[in-house]
Ligand SMILES: Cc1cc2nc3c(=O)[nH]c(=O)nc-3n(C[C@H](O)[C@H](O)[C@H](O)COP(=O)(O)OP(=O)(O)OC[C@H]3O[C@@H](n4cnc5c(N)ncnc54)[C@H](O)[C@@H]3O)c2cc1C
């Protein structure tokens, strides 16, 4: 029976979570484990993805089937799933409206719808994806095509980009580049290629010792690096990309393939609701330590959409979920709030079987776990952890609120 307008207006959730990605599912599961009742989660997609594996799909090391699960299987028991998309938040009235016209009031709101691709920021890019000569592992529909395209390249110029912040774990955009270079070297075609990497900053990660190590690897593959470079526009017909750099515009013509990651922005309703920072990317304006909205005490945010003053990552969410779950309870009881230190991870494969794992927080890189062992050495053990162990930990523990 269809809902009457009164029914729609009286729908209430004590805790309403927007987005069923890494952030939303882990948090809902953790809150329920901690005894919360009446947790509802708004998520339109029938599919949940463990997105870090998408880079391995782009390296021919995994399939989309391995990283996808039906959403109904990851929604925690005891959580109400509203299969719909949020279209507006009124933080003064404490209500949320969905695309299907449903309205919810909430006691506590957690905003975590991730970041959306900003195709308008790069004219021509979406058409180049459609034409098939541009792709990236960051776009689920394109990720399965990346390996097919890159493994077929035998000569010419190939462009890879790291997206400007804010973007989901931007550093891992180096993974498809370095796995492709490793393959091209082993098949003997690397010397016939002009491989170009465009990075938004002066250095690849911004962590000096890790940068030194990774830049040596990148140089060993003969990759040309364009620094402080951004893709301004793409000509889908001429297979050309214009990049702005401090030295002026660089045009790369007749590309064999372009692994160009789109720019990102928060959903428009974040800004429209007055919850955004007002800065580029429009992320949710929170205290980056307590994770609480600076303007509305009953609104919180974590994950890629939150302005956390650290680079976003699924690894960082382990800490954010713990801090936020405790803070929601602490705020209700008038207790002191915990603080998130900006912990994040930047895993970068340097070949098909080795990986550098960088962990940092707002004060800089994290101390090494083992004394006398170089933190930034590419290792097979960290590759095995990233490729095989973490996906299991993700689905069995993180999404069940157990970490
Ligand atoms: C290619 C790639 C590789 C990565 N590699 C790594 C890695 O190696 N290590 C690492 O730690 N991190 C990695 N990350 C980052 C990690 O995946 C993200 O930080 C993490 O997924 C963020 O979770 P989230 O829940 O904030 O956002 P998402 O995972 O994007 O989830 C957001 C959810 O919100 C939903 N949503 C969107 N709009 C609405 C709406 N209006 N209403 C309701 N729901 C909505 C979406 O459907 C989605 O399910 C990678 C990311 C990508 C894209």
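Going out from 0 in 10 Å bins, what whole percent of all Cα-Cα distances in segment 307-398 drops into each bin?
With a bin width of 10 Å, the distribution comes to 15, 37, 33, 11, 3, 0.
With 10 Å bins from zero, work out the P(r) of segment 188-227 over every alpha carbon pair and list the percent per bin.
Percent of pairs per bin, in order: 30, 52, 17, 2.
What per residue convex hull volume, in Å³, do the alpha-carbon atoms of segment 263-304 yield?
Dividing the Cα hull volume of segment 263-304 by its residues yields 71 Å³.
Mind checking which of 272, 167, 180 has the largest fluctuation in a GNM of the chain, springs on alpha carbons under 10 Å?
So, out of 272, 167, 180, the one fluctuating most is 272.
Checking the a/c ratio against 1.5 first, then a/b against b/c, what shape does the Cα gyration tensor give for segment 274-348?
oblate
Between helix 314-333 and the chain, what is the angle of the helix's C-alpha long axis to the longest principal axis, kept within 0 to 90° and rounded to the nearest 10?
Its long axis makes an angle of about 20 degrees.
How would you classify segment 118-263 from its alpha-carbon gyration tensor, with a ≥ b ≥ c the square roots of the eigenvalues: rounded for a/c under 1.5, else prolate if a/b is greater than b/c, otherwise oblate?
Taking the square roots of the gyration eigenvalues as a ≥ b ≥ c, segment 118-263 is rounded.
Roughly what percent of Cα-Cα pairs across the chain reach past 36 Å?
Cα-Cα pairs in the chain separated by more than 36 Å: 26 percent.
Suppose only helical runs count, i.e. DSSP H with n ≥ 4. What mean residue ellipticity at 222 nm does that imply for the chain under -39500 (n - 2.57) per run, divided by all residues and rounded to the nearest 500 deg cm²/dmol?
Helices in the chain give a 222 nm mean residue ellipticity of -7500 deg cm²/dmol.
In the chain, what percentage of the DSSP-assigned beta bridges are antiparallel, given to the nearest 5?
Roughly 50 percent of the DSSP beta bridges within the chain come out antiparallel.
Using Cα springs under 10 Å in a Gaussian network model of the chain, which residue among 227, 30, 73 shows the largest mean-square fluctuation?
73
Within 10 Å, count the other beta carbons around each residue, average over each peptide in 104-117, 289-302, and list them highest first.
Answer by packing, highest mean first, reads 104-117, 289-302.
For a protection proxy built on the mean count of beta-carbon atoms within 10 angstrom, sort 344-352, 208-216 highest first, please.
By packing density, highest mean first, the sequence is 344-352, 208-216.
Every read-out reported here was derived from the displayed coordinates using simple, explicitly stated rules and does not represent laboratory data. The structure displayed is predicted, hence computed values, not measured ones. Every residue, glycine as well, gets a Cβ built from its backbone with ideal geometry; the counts of neighbours run over all protein chains shown.
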